[in-house]
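Structure, as structure tokens:
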Amino acid sequence: MGMITLMKRCMLLTFLLFLACNELPVGGDELRTRGDFEPQFLDLTLFSSFTEFKELNVGSSTNLALGMNDEYEARTMLSFEFPDTVYQGLDEIKMILNLKDNFNNDTLAFSIHLMDIEFNESEATWTRRSFDEMWLAPGGDFSEDSLRYGVAEADSVVLYFNYLELAQIQAAKGIILVPRDSGFCYFSSKEGGKAPRIELKKNETTLPILAKTDCHIVTGPEPALLDDWIGAGMVYRDFVKFNYDSLLDSSIAVYAELSFGCSEYFCHRDSLEIGVRQLLEPFSNFDTPTGPLITLKRIGVGDTLVTLDLVKYAQRIIDHPDSNFGFYIQITPQGIDVSRVKLVRGSYRLNIGYVLPPEPREF
Amino acid sequence: MMSILVAFLINASVFSVNGIGEDLSVFRAPFLKAINIGQLGFTINPEYTLLAQDGDYRGIFWTNPLKFAISAPLLGGFSIMAGNLERFSQNYDIYVRDSSLQIHALGEGGIEEIYAGINKRLGNFDIVATGSFLFGNAWEIWNYTISGYTIVDTFLYRYRGRIFNVGVKHGLFSVAYEGFGQTRMIKLEQDTVMIDLAQRLTVGLYPRIGQWSLGLLYGHSFWNNDNYDSPHRFRIQALRGPLGVALMYNPWYIKDVNEYGVDVDYAIPLRNVGSAQLRMTIALRERDGVREFKFAPQLTLVLNELFARRRKQ
């Protein structure tokens, strides 16, 4: 059987298959017997927006921030666990910190200091060394004299130590990197895959000692009363609440787009991710319980208008109008770096597209 | 490719979106074709439906569940029967487009039936009574899309019910009545609605003209519900040898849905086994400018005295 004959014989089947694949709205009027599916659009009115902030521990961050400017300062704390107490005959003692290439790192001078008091990696902040205990001085308790100076540039920082300095590091509760210049840079943490490490070289054999704990601590400015900020490192969350409209009663929200303007960025990346979490209770403070992220979007640094899909929020307030407690807009993850975006006050718009649901089969 | 696979798995009468779906039991009589022998029957019934409206066409492939039927003679002129059917189909697959909204609604499932009955031969009369258990699940998935955002809404239905049939058949006529039908519809596992199914009277005349065996069937359904029509249905059939032709007029209980159809049957005897019956049904359903062409080939395989023959061996 020739190909043409085969094609002729299959033509009907091919045609029927083609008709089975299309998505034409044939017979759509029958569906409309179950309801009026005219889409409606509604802008909810803004009830309130303001910024809440808090120093949060960022010990699980994949990055270690170091730097300062007029508003912020970030310090990096490290501790090492050495397998031996005394080392002899070493050819080389060096510490290596790998700079993250997904940040626009500044060339930054810094000093290394020995820490007087232990810190808890998963609890430490600028003002606290653990949940229960404050630093004697905010920003960490360390010896005033520096152990060594360094400059962060290129791909990595390599600092060489002598026996005496190694012994001091072994005896200390940790070391802290303190910026000595304006600018910011980001090292990889042990969670980021390339942990800070000390390498001890002896007779062509290198013993790497990875950081046992590493984290950074950040301090930053308080927002003014009328500022709407979101930020990471020093964490700023923007609380936003819209008034519920009874026009939405019993409807299905198909589309809900939150838009707002962004005016000022402080960020050493090309892009960042913005997420939204719904409040599960009426707002009380920064720690008001929230649900999981309901939307997450990557935006470019410099974008002046951001739109987020908030249909889950719209659906929730339609189902539970008395649970319209508002939501937090935030940078995600909150400890990834030291960054901040100023949102344009009054620019918030929540546009909801909805339909009335179909009638279930009735009899 | 996925849409083709889905289309093969679902039924799609666009009118099934209403009521409790397409009634697949019209013109069905409870009578046995052969009361003196045991029979085992299987029927498969794929379908292709072509929707047409305003010059647009859309086709759907689908197949009904396999039907199974068994009957066996007993002593004293009694025979028993049992089997399964799909009673109401709630399958559909419809798209709606607006300037800013697109809806894709998909319905699947329906009401199934398992029946059992008894037939008594009294002289030239067969008297039959059957009872059916109705059950099934159905769900509707509504996808709404606005500006690229899509959400899904789902309805779930569960059915449990029963219905009964009685009938009398003579060589020249038959009368069958179906009634006492009820099914409980549980919506979203919350609301329960008791549905009174239609009563149905079917009358048949079977004259012979020369070598042609004719059949004239009239059926009337009585719905106790103002939202639905109580339709009059007609079927005229002619049989000669292995060939049969039938014309049908089948208005639905859903208002203004009319169906016209043609059946062409061809029976093939299977030596020492039973018979196979091939049927092609072509039907047109329409309402308000929506036309649905149904092409449904059907294969029925009937095995005669399967167990008796094994005993003889």
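Computed quantities for the displayed model
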| read-out | value |
| --- | --- |
| Candidates B:Y249, B:Y253, filtered to the one that is within 14 Å of chain A (Cβ to nearest Cβ) and aromatic (F, W, Y) | B:Y253 |
| Wholly within segment A:221-281, strands (runs of 3 or more DSSP E) carrying at least 3 residues that are within 14 Å of chain B (Cβ to nearest Cβ) and farther than 19 Å from A:D322 by Cα | A:252-266 |
| Meets criteria (surrounded by fewer than 20 Cβ atoms within 10 Å (Cβ to Cβ), within 14 Å of chain B (Cβ to nearest Cβ) and closer than 27 Å to A:L64 by Cβ) for A:K297 | yes |
| Tally, over segment B:154-208, of residues that are closer than 19 Å to B:A138 by Cα and touching a His at 6+ places or on another chain (Cβ under 8 Å) | 0 |
| Subset of segment A:291-327 (residues that are assigned to a strand (DSSP E or B) and either touching a residue at least 60 places away in the same chain (Cβ under 8 Å) or among the aromatic types (F, W, Y) (or both)) | A:F327 |
| Yes/no for B:S275 being crowded, with 16+ Cβ neighbours inside 10 Å and over 17 Å from the mean Cα position of the chain (by Cα) | yes |
| Qualifying residue in segment B:135-146 (condition: within 14 Å of chain A (Cβ to nearest Cβ) and more than 30 Å from B:S100 (Cα to Cα)) | yes |
| Segment A:19-63, subset aromatic (F, W, Y) and facing chain B (nearest Cβ under 10 Å), residue farthest from A:P360 (Cα to Cα) | A:F41 |
| Residue in segment A:133-147 that is within 16 Å of A:H113 (Cα to Cα) and not in a loop (DSSP other than H, G, I, E, B) present | yes |
| A:T107 surrounded by fewer than 16 Cβ atoms within 10 Å (Cβ to Cβ), of a type in the set (V, I, T) and closer than 18 Å to A:D337 by Cα | yes |
| Test: residue in segment B:153-175 that is loosely packed, with under 14 Cβ neighbours inside 10 Å, of a type in the set (S, T, N, Q), under 23 Å from B:G107 (Cα atoms) and within 14 Å of chain A (Cβ to nearest Cβ) | yes |
| Residue satisfying condition, being within 14 Å of chain A (Cβ to nearest Cβ), of a type in the set (V, I, T) and part of a strand (DSSP E or B), within set B:I80, B:I114, B:I60 | B:I60 |
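Here, each number is a calculation from the coordinates, and none is a lab measurement. Predicted model only: the values in this text are computed from it and were never measured. With ideal geometry, Cβ positions are generated from the backbone for all residues, glycine too; neighbour counts draw on all protein chains shown.
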